[in-house]
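As C-alpha coordinates, the structure follows; a few thoughts come after it.
The values are calculated or read from the model by the stated rules, or taken from the named source; none is laboratory data. This structure is a prediction, so every number in the text was calculated from the model and none was measured. Positions of Cβ are generated from backbone atoms using ideal geometry, with glycine treated the same way; all protein chains shown enter the neighbour counts. Areas reflect the complete protein model, heavy atoms only, side chains present, ligands, DNA and RNA absent. Shrake-Rupley method; radii C 1.70, N 1.55, O 1.52, S 1.80 Å.
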Amino acid sequence: AVDYSRDYKRKYDYLRSQMKKPHGTPNKIDIRVRRNFIFEDSYNCIMSVTAPRKNHLKARLWVEFVGEKGLDYGGVAREWFFLLSKEMFNPYYGLFEYSASDNYTLQINPNSGVCNDQHLSYFKFIGRACGMAVFHGKLIDAFFVRPFYKMMLRKKISLADMESVDSEYYNSLKWILENDPSCLDLTFCVEEELFGQVKQIELKAGGQQIPVTERNKKEYVDLVMQWRFSKRVERQMNAFLEGFHELVPFELLKMFDEREIEYLLCGLGEIDVNDWRKNTVYRNAYSDKHPIVIWFWKAVDSFDNELQHRLLQFVTGTSRVPMNGFSELYGSNGPQKFCIEKTGSPDSLPRAHTCFNRLDLPEYRSYHVLRERLRLAVENCEGFEGVD
(Lines give C-alpha, C1' and ligand atoms only; values in the text may rest on other atoms or scores of the structure.)
Protein backbone atom coordinates (compact mmCIF):
# COMPACT_ATOMS: atom_id res chain seq x y z
CA ALA A 1 0.00 0.00 0.00
CA VAL A 2 1.05 3.60 -0.58
CA ASP A 3 1.88 5.42 2.64
CA TYR A 4 -0.66 7.95 3.85
CA SER A 5 0.29 11.42 2.65
CA ARG A 6 -1.11 14.38 4.56
CA ASP A 7 0.20 16.69 1.86
CA TYR A 8 -1.59 14.80 -0.92
CA LYS A 9 -4.76 14.62 1.16
CA ARG A 10 -4.68 18.38 1.71
CA LYS A 11 -4.22 19.03 -2.00
CA TYR A 12 -6.90 16.53 -2.96
CA ASP A 13 -9.40 18.05 -0.53
CA TYR A 14 -8.67 21.50 -1.95
CA LEU A 15 -9.15 20.17 -5.50
CA ARG A 16 -12.55 18.72 -4.57
CA SER A 17 -13.58 21.99 -2.92
CA GLN A 18 -12.83 23.89 -6.13
CA MET A 19 -14.58 21.54 -8.55
CA LYS A 20 -18.21 22.46 -8.15
CA LYS A 21 -21.00 22.17 -10.68
CA PRO A 22 -21.34 25.64 -12.27
CA HIS A 23 -24.57 27.59 -11.95
CA GLY A 24 -26.99 26.84 -14.76
CA THR A 25 -25.69 23.31 -15.34
CA PRO A 26 -28.41 20.64 -15.86
CA ASN A 27 -29.17 18.33 -12.93
CA LYS A 28 -27.80 15.30 -14.75
CA ILE A 29 -26.22 14.07 -17.97
CA ASP A 30 -27.61 10.85 -19.45
CA ILE A 31 -25.06 8.35 -20.71
CA ARG A 32 -26.74 5.39 -22.40
CA VAL A 33 -24.38 2.74 -23.76
CA ARG A 34 -24.37 -0.83 -25.00
CA ARG A 35 -21.85 -3.08 -23.27
CA ASN A 36 -20.59 -4.53 -26.55
CA PHE A 37 -20.11 -1.05 -28.02
CA ILE A 38 -19.11 0.86 -24.90
CA PHE A 39 -16.20 2.68 -26.57
CA GLU A 40 -18.15 3.85 -29.61
CA ASP A 41 -21.34 4.72 -27.71
CA SER A 42 -19.42 6.61 -25.00
CA TYR A 43 -17.44 8.53 -27.64
CA ASN A 44 -20.62 9.57 -29.44
CA CYS A 45 -22.28 10.62 -26.21
CA ILE A 46 -19.39 12.58 -24.71
CA MET A 47 -18.24 14.22 -27.95
CA SER A 48 -21.79 15.30 -28.81
CA VAL A 49 -21.35 17.88 -26.04
CA THR A 50 -20.01 20.96 -27.82
CA ALA A 51 -17.41 23.28 -26.30
CA PRO A 52 -19.95 25.98 -25.27
CA ARG A 53 -21.88 23.26 -23.39
CA LYS A 54 -18.81 21.56 -21.85
CA ASN A 55 -20.06 22.27 -18.32
CA HIS A 56 -22.84 19.74 -18.97
CA LEU A 57 -20.13 17.09 -18.42
CA LYS A 58 -19.96 18.31 -14.81
CA ALA A 59 -23.61 17.46 -14.19
CA ARG A 60 -24.47 14.36 -12.19
CA LEU A 61 -23.70 11.23 -14.20
CA TRP A 62 -26.69 9.04 -14.97
CA VAL A 63 -25.33 5.93 -16.69
CA GLU A 64 -27.51 3.22 -18.16
CA PHE A 65 -26.41 0.01 -19.85
CA VAL A 66 -28.95 -0.73 -22.59
CA GLY A 67 -31.23 -3.65 -21.69
CA GLU A 68 -30.30 -3.74 -18.00
CA LYS A 69 -32.15 -2.70 -14.90
CA GLY A 70 -30.55 -0.71 -12.15
CA LEU A 71 -30.65 2.86 -10.88
CA ASP A 72 -27.36 4.69 -10.94
CA TYR A 73 -26.59 5.97 -7.47
CA GLY A 74 -22.86 5.84 -8.21
CA GLY A 75 -22.15 2.15 -8.71
CA VAL A 76 -23.11 1.97 -12.38
CA ALA A 77 -21.04 5.07 -13.17
CA ARG A 78 -18.05 3.47 -11.48
CA GLU A 79 -18.46 0.33 -13.56
CA TRP A 80 -18.81 2.47 -16.69
CA PHE A 81 -15.45 4.14 -16.03
CA PHE A 82 -13.89 0.76 -15.28
CA LEU A 83 -15.15 -0.89 -18.47
CA LEU A 84 -14.54 2.17 -20.63
CA SER A 85 -10.94 2.28 -19.39
CA LYS A 86 -10.41 -1.25 -20.67
CA GLU A 87 -11.45 -0.12 -24.14
CA MET A 88 -9.94 3.39 -24.32
CA PHE A 89 -6.48 2.17 -23.43
CA ASN A 90 -6.62 -1.15 -25.27
CA PRO A 91 -3.58 -1.22 -27.62
CA TYR A 92 -5.85 -2.91 -30.17
CA TYR A 93 -7.26 0.52 -31.07
CA GLY A 94 -3.76 1.87 -31.76
CA LEU A 95 -4.09 4.96 -29.57
CA PHE A 96 -1.94 3.67 -26.72
CA GLU A 97 0.76 1.02 -26.49
CA TYR A 98 2.53 -0.77 -23.67
CA SER A 99 5.94 0.51 -22.61
CA ALA A 100 9.00 -1.44 -23.62
CA SER A 101 9.50 -2.72 -20.07
CA ASP A 102 6.15 -4.45 -19.47
CA ASN A 103 2.65 -5.09 -20.70
CA TYR A 104 1.07 -3.06 -17.94
CA THR A 105 2.10 0.62 -18.09
CA LEU A 106 0.82 2.57 -21.06
CA GLN A 107 2.16 5.32 -23.27
CA ILE A 108 0.76 7.19 -26.27
CA ASN A 109 1.35 5.41 -29.58
CA PRO A 110 3.31 7.91 -31.72
CA ASN A 111 1.88 6.24 -34.84
CA SER A 112 -1.75 6.49 -33.72
CA GLY A 113 -2.60 8.55 -36.80
CA VAL A 114 -1.65 5.66 -39.06
CA CYS A 115 -4.22 3.47 -37.35
CA ASN A 116 -7.00 6.07 -37.20
CA ASP A 117 -7.24 9.35 -39.11
CA GLN A 118 -9.64 10.65 -36.41
CA HIS A 119 -7.14 9.88 -33.66
CA LEU A 120 -6.89 13.44 -32.31
CA SER A 121 -10.65 13.54 -31.76
CA TYR A 122 -10.38 10.27 -29.84
CA PHE A 123 -7.54 11.65 -27.69
CA LYS A 124 -9.71 14.66 -26.83
CA PHE A 125 -12.52 12.24 -25.91
CA ILE A 126 -10.18 10.22 -23.67
CA GLY A 127 -9.01 13.47 -22.06
CA ARG A 128 -12.62 14.41 -21.37
CA ALA A 129 -13.38 10.96 -19.94
CA CYS A 130 -10.35 11.12 -17.61
CA GLY A 131 -11.27 14.65 -16.59
CA MET A 132 -14.82 13.50 -15.85
CA ALA A 133 -13.43 10.70 -13.66
CA VAL A 134 -11.43 13.19 -11.59
CA PHE A 135 -14.26 15.73 -11.43
CA HIS A 136 -16.80 13.14 -10.28
CA GLY A 137 -14.43 11.41 -7.85
CA LYS A 138 -14.08 8.17 -9.86
CA LEU A 139 -11.01 6.20 -10.97
CA ILE A 140 -9.79 4.89 -14.30
CA ASP A 141 -8.39 1.40 -14.71
CA ALA A 142 -5.07 2.19 -16.38
CA PHE A 143 -1.54 3.10 -15.34
CA PHE A 144 0.79 5.19 -17.49
CA VAL A 145 4.55 5.62 -17.77
CA ARG A 146 5.95 8.36 -15.52
CA PRO A 147 6.72 10.73 -18.43
CA PHE A 148 2.99 10.81 -19.31
CA TYR A 149 2.15 12.29 -15.90
CA LYS A 150 5.05 14.73 -16.20
CA MET A 151 3.76 15.92 -19.56
CA MET A 152 0.37 16.53 -17.94
CA LEU A 153 2.22 18.87 -15.57
CA ARG A 154 4.31 20.46 -18.37
CA LYS A 155 7.48 19.21 -16.73
CA LYS A 156 10.68 18.37 -18.56
CA ILE A 157 11.44 14.67 -19.03
CA SER A 158 14.72 13.50 -17.49
CA LEU A 159 16.96 10.53 -18.20
CA ALA A 160 15.92 8.97 -14.88
CA ASP A 161 12.36 8.80 -16.24
CA MET A 162 13.57 6.52 -19.02
CA GLU A 163 14.86 3.76 -16.73
CA SER A 164 11.50 2.26 -15.83
CA VAL A 165 10.18 2.62 -19.39
CA ASP A 166 12.99 1.20 -21.53
CA SER A 167 16.02 0.01 -19.57
CA GLU A 168 18.03 -0.84 -22.68
CA TYR A 169 17.58 2.63 -24.15
CA TYR A 170 18.32 4.13 -20.74
CA ASN A 171 21.59 2.22 -20.38
CA SER A 172 22.72 3.30 -23.85
CA LEU A 173 22.12 6.97 -23.09
CA LYS A 174 23.70 6.65 -19.66
CA TRP A 175 26.82 5.13 -21.23
CA ILE A 176 27.07 8.12 -23.57
CA LEU A 177 26.98 10.52 -20.64
CA GLU A 178 29.64 8.57 -18.75
CA ASN A 179 32.00 7.98 -21.68
CA ASP A 180 33.39 9.74 -24.72
CA PRO A 181 30.84 9.00 -27.48
CA SER A 182 33.10 10.05 -30.36
CA CYS A 183 33.92 6.42 -31.16
CA LEU A 184 30.24 5.67 -31.87
CA ASP A 185 30.04 7.99 -34.90
CA LEU A 186 26.67 9.31 -33.78
CA THR A 187 25.01 12.42 -35.19
CA PHE A 188 22.10 14.49 -33.93
CA CYS A 189 19.66 12.05 -35.55
CA VAL A 190 17.59 9.12 -34.43
CA GLU A 191 16.12 6.27 -36.43
CA GLU A 192 12.40 5.54 -36.45
CA GLU A 193 10.89 2.38 -37.89
CA LEU A 194 7.36 2.15 -39.24
CA PHE A 195 6.04 -0.92 -41.03
CA GLY A 196 9.56 -2.13 -41.74
CA GLN A 197 10.72 1.21 -43.17
CA VAL A 198 13.49 3.02 -41.28
CA LYS A 199 13.83 6.78 -41.58
CA GLN A 200 16.22 9.32 -40.08
CA ILE A 201 14.79 12.02 -37.81
CA GLU A 202 16.93 15.11 -37.16
CA LEU A 203 16.91 16.19 -33.52
CA LYS A 204 17.81 19.75 -34.54
CA ALA A 205 18.26 21.63 -37.79
CA GLY A 206 21.11 20.08 -39.77
CA GLY A 207 21.44 17.35 -37.16
CA GLN A 208 22.54 14.75 -39.68
CA GLN A 209 25.76 16.73 -40.17
CA ILE A 210 26.47 17.36 -36.47
CA PRO A 211 28.57 14.67 -34.75
CA VAL A 212 27.95 13.82 -31.08
CA THR A 213 31.06 14.71 -29.08
CA GLU A 214 32.18 14.98 -25.47
CA ARG A 215 31.25 18.65 -25.59
CA ASN A 216 27.68 18.36 -26.90
CA LYS A 217 26.63 14.91 -25.62
CA LYS A 218 24.41 16.30 -22.85
CA GLU A 219 22.45 18.30 -25.41
CA TYR A 220 22.17 15.17 -27.56
CA VAL A 221 20.80 13.04 -24.70
CA ASP A 222 18.37 15.79 -23.73
CA LEU A 223 17.06 16.08 -27.31
CA VAL A 224 16.74 12.30 -27.59
CA MET A 225 14.66 12.26 -24.39
CA GLN A 226 12.38 15.05 -25.60
CA TRP A 227 11.93 13.31 -28.96
CA ARG A 228 11.32 9.91 -27.38
CA PHE A 229 8.61 11.08 -24.99
CA SER A 230 7.34 14.52 -26.06
CA LYS A 231 7.88 15.54 -29.67
CA ARG A 232 6.58 12.35 -31.27
CA VAL A 233 3.27 12.52 -29.40
CA GLU A 234 2.89 16.28 -29.01
CA ARG A 235 -0.33 16.57 -31.06
CA GLN A 236 -1.93 13.58 -29.30
CA MET A 237 -0.99 14.89 -25.85
CA ASN A 238 -2.30 18.37 -26.64
CA ALA A 239 -5.63 16.88 -27.76
CA PHE A 240 -5.83 14.78 -24.57
CA LEU A 241 -5.09 17.80 -22.39
CA GLU A 242 -7.60 19.96 -24.27
CA GLY A 243 -10.32 17.53 -23.25
CA PHE A 244 -8.97 16.98 -19.75
CA HIS A 245 -8.67 20.68 -18.91
CA GLU A 246 -12.29 21.29 -19.85
CA LEU A 247 -13.05 19.60 -16.53
CA VAL A 248 -9.84 19.95 -14.48
CA PRO A 249 -8.02 23.27 -15.06
CA PHE A 250 -4.24 23.20 -15.17
CA GLU A 251 -4.13 25.78 -12.37
CA LEU A 252 -5.61 23.15 -10.05
CA LEU A 253 -3.64 20.23 -11.47
CA LYS A 254 -0.20 21.83 -11.15
CA MET A 255 -0.19 21.62 -7.34
CA PHE A 256 0.30 17.84 -7.63
CA ASP A 257 3.52 16.08 -8.57
CA GLU A 258 3.68 13.32 -11.17
CA ARG A 259 3.30 10.52 -8.58
CA GLU A 260 0.23 12.19 -7.13
CA ILE A 261 -1.28 12.54 -10.61
CA GLU A 262 -1.15 8.76 -10.85
CA TYR A 263 -2.90 8.43 -7.49
CA LEU A 264 -5.48 11.00 -8.58
CA LEU A 265 -6.34 9.15 -11.79
CA CYS A 266 -5.79 5.53 -10.85
CA GLY A 267 -5.84 5.05 -7.08
CA LEU A 268 -3.65 2.32 -5.60
CA GLY A 269 -2.13 -0.36 -7.78
CA GLU A 270 -1.91 -3.09 -5.16
CA ILE A 271 -4.44 -4.32 -2.63
CA ASP A 272 -3.50 -4.30 1.03
CA VAL A 273 -5.79 -6.95 2.48
CA ASN A 274 -4.96 -5.94 6.06
CA ASP A 275 -6.04 -2.37 5.32
CA TRP A 276 -9.15 -3.73 3.60
CA ARG A 277 -10.02 -5.83 6.67
CA LYS A 278 -9.40 -2.92 9.08
CA ASN A 279 -11.74 -0.67 7.13
CA THR A 280 -14.66 -3.08 6.75
CA VAL A 281 -17.93 -2.83 8.68
CA TYR A 282 -20.44 -5.62 9.38
CA ARG A 283 -24.22 -5.77 9.61
CA ASN A 284 -27.01 -8.08 10.73
CA ALA A 285 -25.23 -10.27 13.31
CA TYR A 286 -21.88 -10.44 11.52
CA SER A 287 -18.73 -9.18 13.24
CA ASP A 288 -15.00 -9.51 12.69
CA LYS A 289 -15.05 -12.54 14.99
CA HIS A 290 -17.93 -14.36 13.33
CA PRO A 291 -16.83 -17.70 11.74
CA ILE A 292 -18.27 -16.70 8.34
CA VAL A 293 -16.31 -13.44 8.37
CA ILE A 294 -13.14 -15.27 9.40
CA TRP A 295 -13.66 -17.68 6.50
CA PHE A 296 -14.31 -14.76 4.16
CA TRP A 297 -10.96 -13.10 4.91
CA LYS A 298 -9.22 -16.46 4.73
CA ALA A 299 -10.68 -16.85 1.23
CA VAL A 300 -9.59 -13.33 0.23
CA ASP A 301 -6.07 -14.06 1.46
CA SER A 302 -6.01 -17.22 -0.62
CA PHE A 303 -7.04 -15.40 -3.84
CA ASP A 304 -4.35 -14.26 -6.23
CA ASN A 305 -3.95 -10.54 -6.96
CA GLU A 306 -6.24 -10.60 -9.98
CA LEU A 307 -9.10 -12.33 -8.15
CA GLN A 308 -8.77 -9.90 -5.24
CA HIS A 309 -9.18 -7.04 -7.72
CA ARG A 310 -12.16 -8.80 -9.28
CA LEU A 311 -13.80 -9.19 -5.88
CA LEU A 312 -13.27 -5.52 -5.12
CA GLN A 313 -14.71 -4.57 -8.51
CA PHE A 314 -17.68 -6.91 -7.98
CA VAL A 315 -18.65 -5.16 -4.75
CA THR A 316 -17.61 -1.53 -5.36
CA GLY A 317 -17.74 -1.19 -9.16
CA THR A 318 -14.00 -0.59 -9.54
CA SER A 319 -10.85 -2.62 -8.94
CA ARG A 320 -8.89 0.37 -7.67
CA VAL A 321 -8.53 1.79 -4.19
CA PRO A 322 -8.25 5.53 -3.41
CA MET A 323 -4.77 6.90 -2.73
CA ASN A 324 -5.09 6.79 1.06
CA GLY A 325 -6.51 3.28 1.21
CA PHE A 326 -9.82 1.64 1.99
CA SER A 327 -10.73 4.21 4.63
CA GLU A 328 -11.62 6.58 1.78
CA LEU A 329 -13.84 4.33 -0.30
CA TYR A 330 -16.82 6.24 -1.68
CA GLY A 331 -20.39 5.11 -2.14
CA SER A 332 -23.54 6.83 -3.36
CA ASN A 333 -23.70 9.07 -0.28
CA GLY A 334 -20.04 10.03 -0.01
CA PRO A 335 -17.47 8.13 2.11
CA GLN A 336 -18.75 4.58 2.58
CA LYS A 337 -16.67 1.71 3.91
CA PHE A 338 -16.70 -1.81 2.54
CA CYS A 339 -19.58 -3.64 4.21
CA ILE A 340 -20.43 -7.33 4.68
CA GLU A 341 -24.02 -8.15 5.62
CA LYS A 342 -25.51 -11.47 6.70
CA THR A 343 -28.36 -12.14 4.30
CA GLY A 344 -29.45 -14.59 1.63
CA SER A 345 -29.96 -18.33 1.36
CA PRO A 346 -26.99 -20.70 1.88
CA ASP A 347 -27.92 -22.16 -1.50
CA SER A 348 -27.46 -18.83 -3.30
CA LEU A 349 -24.40 -16.91 -4.44
CA PRO A 350 -23.18 -13.75 -2.68
CA ARG A 351 -24.81 -10.56 -4.01
CA ALA A 352 -23.32 -7.07 -4.42
CA HIS A 353 -24.73 -3.57 -3.97
CA THR A 354 -22.11 -1.43 -5.70
CA CYS A 355 -23.78 1.87 -4.83
CA PHE A 356 -23.21 1.11 -1.14
CA ASN A 357 -20.00 -1.00 -1.30
CA ARG A 358 -21.97 -3.82 0.33
CA LEU A 359 -21.64 -7.58 -0.03
CA ASP A 360 -24.58 -9.78 0.92
CA LEU A 361 -22.89 -12.92 2.24
CA PRO A 362 -25.06 -15.92 3.22
CA GLU A 363 -24.12 -18.12 6.19
CA TYR A 364 -22.50 -21.04 4.35
CA ARG A 365 -21.94 -24.38 6.03
CA SER A 366 -18.17 -24.60 5.42
CA TYR A 367 -15.14 -22.56 4.38
CA HIS A 368 -14.76 -24.47 1.11
CA VAL A 369 -18.39 -23.81 0.12
CA LEU A 370 -18.00 -20.11 0.95
CA ARG A 371 -14.80 -19.78 -1.05
CA GLU A 372 -16.23 -21.54 -4.09
CA ARG A 373 -19.51 -19.58 -4.03
CA LEU A 374 -17.59 -16.32 -3.67
CA ARG A 375 -15.31 -17.22 -6.57
CA LEU A 376 -18.26 -18.18 -8.77
CA ALA A 377 -20.07 -14.93 -8.01
CA VAL A 378 -17.01 -12.82 -8.75
CA GLU A 379 -15.94 -14.57 -11.94
CA ASN A 380 -19.35 -15.05 -13.54
CA CYS A 381 -21.44 -12.04 -12.56
CA GLU A 382 -21.45 -8.91 -14.74
CA GLY A 383 -23.97 -6.13 -14.83
CA PHE A 384 -26.48 -4.62 -12.48
CA GLU A 385 -29.53 -6.77 -13.15
CA GLY A 386 -31.51 -6.68 -9.92
CA VAL A 387 -28.93 -4.67 -8.00
CA ASP A 388 -30.33 -1.90 -5.87
For region 3-146, just say rounded, prolate or oblate: build the C-alpha gyration tensor, square-root its eigenvalues into a ≥ b ≥ c, call rounded for a/c under 1.5, and beyond that prolate if a/b exceeds b/c, oblate if not. oblate
What does the extension gain come out to for Asn284 and Phe250, with contour length at 0.36 nm per residue minus their alpha carbon separation? 7.6 nm
What's the magnitude of the charge dipole for the chain around its Cα centre, counting Lys and Arg as +1 and Asp and Glu as -1 at the beta-carbon? Answer in Debye, nearest 20. 1560
Compute the Rg to Rh ratio over region 215-276 from the alpha carbon atoms, using the Kirkwood formula for Rh, and round to two decimal places. 1.15
Beta bridge orientation in the chain: antiparallel %, DSSP, nearest 5: 50
Quick one: among Thr316, Thr187, Thr354, which has the greatest mean-square fluctuation in a GNM of the chain with alpha-carbon springs under 10 angstrom? Thr187
Longest span of the chain, sites excluded, free of chymotrypsin sites (Phe, Trp or Tyr not before Pro) in DSSP loop with at most 14 other C-beta atoms within 10 Å? 196-388
Using every pair of alpha-carbon atoms in region 108-263, split the distances into 5 Å bins beginning at 0 and state the percent of pairs per bin, rounded to integers. 2, 8, 15, 19, 18, 14, 11, 8, 5, 1, 0, 0
Relative contact order of the chain, pairs being alpha-carbon contacts under 8 Å that are 6 or more residues apart, as %: 18
If each Cα of the chain is one equal point scatterer, what is log10 of I(q)/I(0) from the Debye formula at q = 0.07, 0.11 Å⁻¹? -0.39, -0.86
Looking at region 264-316, which trypsin sites (Lys or Arg not before Pro) are DSSP coil and have at most 11 other C-beta atoms within 10 Å of their C-beta? Lys289
Cross-link reach from Lys9 to lysines, straight Cα distance under 19 Å and at least 8 residues apart if same chain, gives Lys20, Lys138, Lys254, Lys337
Summarise the long-distance tail of P(r) for region 262-320 by giving the % of C-alpha pairs beyond 19 Å. 33
How large is the accessible surface per residue of the chain, computed with a 1.4 Å probe and reported in Å² as a whole number? 49
Per the charge dipole of region 163-276 (beta-carbon charges, Lys/Arg positive, Asp/Glu negative, Cα centre), the residue among Gly206, Leu265, Leu223 reaching farthest to the positive end is Gly206
In whole percent, the fraction of accessible protein surface over the chain that belongs to carbon or sulfur atoms, probe radius 1.4 Å, stands at 47
Past the 19 angstrom mark, what percentage of all C-alpha to C-alpha distances in region 210-334 do you count? 67
Convert 20 °C to kelvin, take the viscosity as 1.002 mPa s, use the Kirkwood radius over C-alpha pairs of region 345-384 as Rh, and evaluate the Stokes-Einstein diffusion coefficient in µm²/s, rounded to a whole number. 202
Give the average over all directions of the projected area of the C-alpha convex hull of region 95-182, one decimal, in nm². 7.5
Contact order normalised by length for region 181-338, with contacts defined as Cα pairs under 8 Å and 6 or more residues apart; what percent is it? 16
Where does the charge balance sit around Phe125 when Lys and Arg score +1, Asp and Glu -1, over other residues with C-beta under 14 Å from its C-beta? -2
Per-pair calculated FRET efficiency, R0 = 41 Å: Leu307 and Asp13 via Cβ, rounded to 0.05: 0.80
